[in-house]
Amino acid sequence: MQQQTGTTRRTVSKGALWSVPIVSIATAAPSAAASPTCAPGVVDWDALATGTLVGQTTVNGTTLTVTSTVSNDRNLRVTAGPQGGISQKYLAFSFSPSVAARDTQTITFTFSRPVTNVSFTLLDLETVGTGTSGTTGFREGFSLSSGFTVRSRGSRATGSGTAADPFTNTGSALPTETAGNVGISYAGPLTSFSITYSNLFSTNYDLYILAGISDISFTPVC
């Protein structure tokens, strides 16, 4: 999570991101092949320019479409690391100020054909403040559509990833730390999965909050 106020970022390494204007919501990364193949693929965010607003990207002839129920100038942007201890670029999930109490957004990833062995890491969950009456703070939570398994878990990451028991972090974490990460796999076959990103506190928060997802690996079904 990165706390931000207005357009001033507290992380200098990502300063260039927000200078990029919103041009398109559908930008394709270079394909590993011109036509569909059965080879395993990786949605590599490093293949897209920092600041890209991702709507679609294609790997090995398989197109991944990404949508969200929230739109702002930081959400679904390719963002420079570090985040969750990963130095590579990642796809950011963000709420705009003020983050309402119990606010949620659902991000849906849809493949153009069935895939298996889907794998990725949810990055940098955090809890800031206590969320008690009269204070501000936030507790980021992630819940996912059914069928996943947990590959790895940061040292302070808790929860089972369901709507009733979202993944969260018992404390805060620097962008260089892995404490709030959760590694996820879907065996499949599937054509889509969704992630619900939430502010679990019953209080508002007046800064941008930011989490994200790492590169996504998968194997097309042939």
| task | Please verify whether the range 46-59 includes one or more residues that are out of contact with any Lys or Arg (no Cβ under 8 Å at 6 or more places or on another chain), modelled with pLDDT under 90 and outside any helix (DSSP H, G or I). | result | no
| query | Residues of the range 45-62 being under 19 Å from I195 (Cβ atoms) and surrounded by fewer than 18 Cβ atoms within 10 Å (Cβ to Cβ), which ones? | reply | G55, Q56
| message | Against the condition assigned to a strand (DSSP E or B), small (G, A, S) and surrounded by fewer than 16 Cβ atoms within 10 Å (Cβ to Cβ), how does S94 come out, does it pass? | response | no
| field | Every pair of residues 6+ apart whose Cβ atoms lie under 8 Å, when the first sits in the range 102-127 and is more than 18 Å from T65 (Cα to Cα) and without any contact (Cβ under 8 Å) to a residue 60 or more places away in the chain while the second is surrounded by fewer than 19 Cβ atoms within 10 Å (Cβ to Cβ) and of a type outside the set (K, R) | value | T127/G137; T127/T170; T127/G171; T127/S172
| task | Assess whether G141 counts as being crowded, with 17+ Cβ neighbours inside 10 Å, outside any loop (DSSP other than H, G, I, E, B) and out of contact with any helix residue (DSSP H, G or I) (no Cβ under 8 Å at 6 or more places or on another chain). | result | yes
| query | So is V182 crowded, with 17+ Cβ neighbours inside 10 Å, modelled with pLDDT under 95 and of a type in the set (A, V, I, L, M, F, W, C) or not? | reply | no
| Pick from the range 102-127 the residues that are within 13 Å of the chain's Cα centre (by Cα) and of a type in the set (F, W, Y): which of them is nearest to T158 (Cα to Cα)? | F120
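The values are calculated or read from the model by the stated rules, or taken from the named source; none is laboratory data. Just so it is clear, the structure is predicted and the values come from calculations on it, not from any experiment. Every residue, glycine as well, gets a Cβ built from its backbone with ideal geometry; the counts of neighbours run over all protein chains shown.
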